[in-house]
Amino acid sequence: MKKTFAFILVLVITAMALVSCSSNKLVGSWSYETKIGAVSAKATYTFNEDNTGSITIIGGVSLNFNYEVEGDQLTVKGNLSGYEGTYTYKVDGDNLSLTQNGTTITLVKNK
């Protein structure tokens, strides 16, 4: 009985350690570039471990947000703008795909 209890305890501790070590693949800085007519536009998205982030756009304007992840769903809530949007996301190596309402954008991880 003691051996069984010890074995179960080791399994539980190992499982808890693995869960706590799992990393949020979104954390880091990601860039997106597009052309609007003849004008190139670049945005940099930064996701922090504490579920905060920012987007820096043309002219260095930075907007802060909070985010939540549940499964493959990413919900972003703008701190000042009041914007709230939910995206289906996928991280594949150095690419982050965000899909909303049938439109997908792909960001590249900054190194």
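The values are calculated or read from the model by the stated rules, or taken from the named source; none is laboratory data. Source: prediction; values computed, not measured. In this analysis, Cβ positions are derived from the backbone assuming ideal geometry, glycine residues included, and neighbour counts consider all displayed protein chains.
Here is how the numbers come out for the structure above:
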{"read-out": "Selection count, the range 72-111, where residues are closer than 18 Å to residue 29 by Cα and among the small types (Gly, Ala, Ser)", "value": "3"}
{"read-out": "So residue 68, is it surrounded by 11 or more Cβ atoms within 10 Å (Cβ to Cβ) and not basic (Lys, Arg)", "value": "yes"}
{"read-out": "In the range 51-109, the residues that are aromatic (Phe, Trp, Tyr) and in contact with a Phe, Trp or Tyr (Cβ under 7 Å, 6 or more places away or on another chain)", "value": "67"}
{"read-out": "Of all residues making up the range 34-52, the number that are surrounded by 14 or more Cβ atoms within 10 Å (Cβ to Cβ) and within 17 Å of residue 97 (Cβ to Cβ)", "value": "4"}
{"read-out": "Pair list, Cβ under 6 Å, 6 or more apart: the range 79-93 residue within 19 Å of residue 64 (Cβ to Cβ) and without any contact (Cβ under 8 Å) to a residue 40 or more places away in the chain, other residue surrounded by 13 or more Cβ atoms within 10 Å (Cβ to Cβ) and among the basic types (Lys, Arg)", "value": "84/77"}
{"read-out": "Filter result (exposed (fewer than 11 other Cβ atoms within 10 Å of the Cβ) and assigned to a strand (DSSP E or B)) within the range 71-96", "value": "92"}
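This table checks each residue for (1) charged (D, E, K, R); (2) in contact with a helix residue (DSSP H, G or I) (Cβ under 6 Å, 6 or more places away or on another chain); (3) at pLDDT 95 or above; (4) in a strand (DSSP E or B).
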site: 24; (1), (2), (3), (4): no, no, no, no
site: 35; (1), (2), (3), (4): yes, no, no, yes
site: 49; (1), (2), (3), (4): yes, no, yes, no
site: 53; (1), (2), (3), (4): no, no, yes, yes
site: 69; (1), (2), (3), (4): no, no, yes, yes
site: 98; (1), (2), (3), (4): no, no, yes, yes
site: 106; (1), (2), (3), (4): no, no, yes, yes
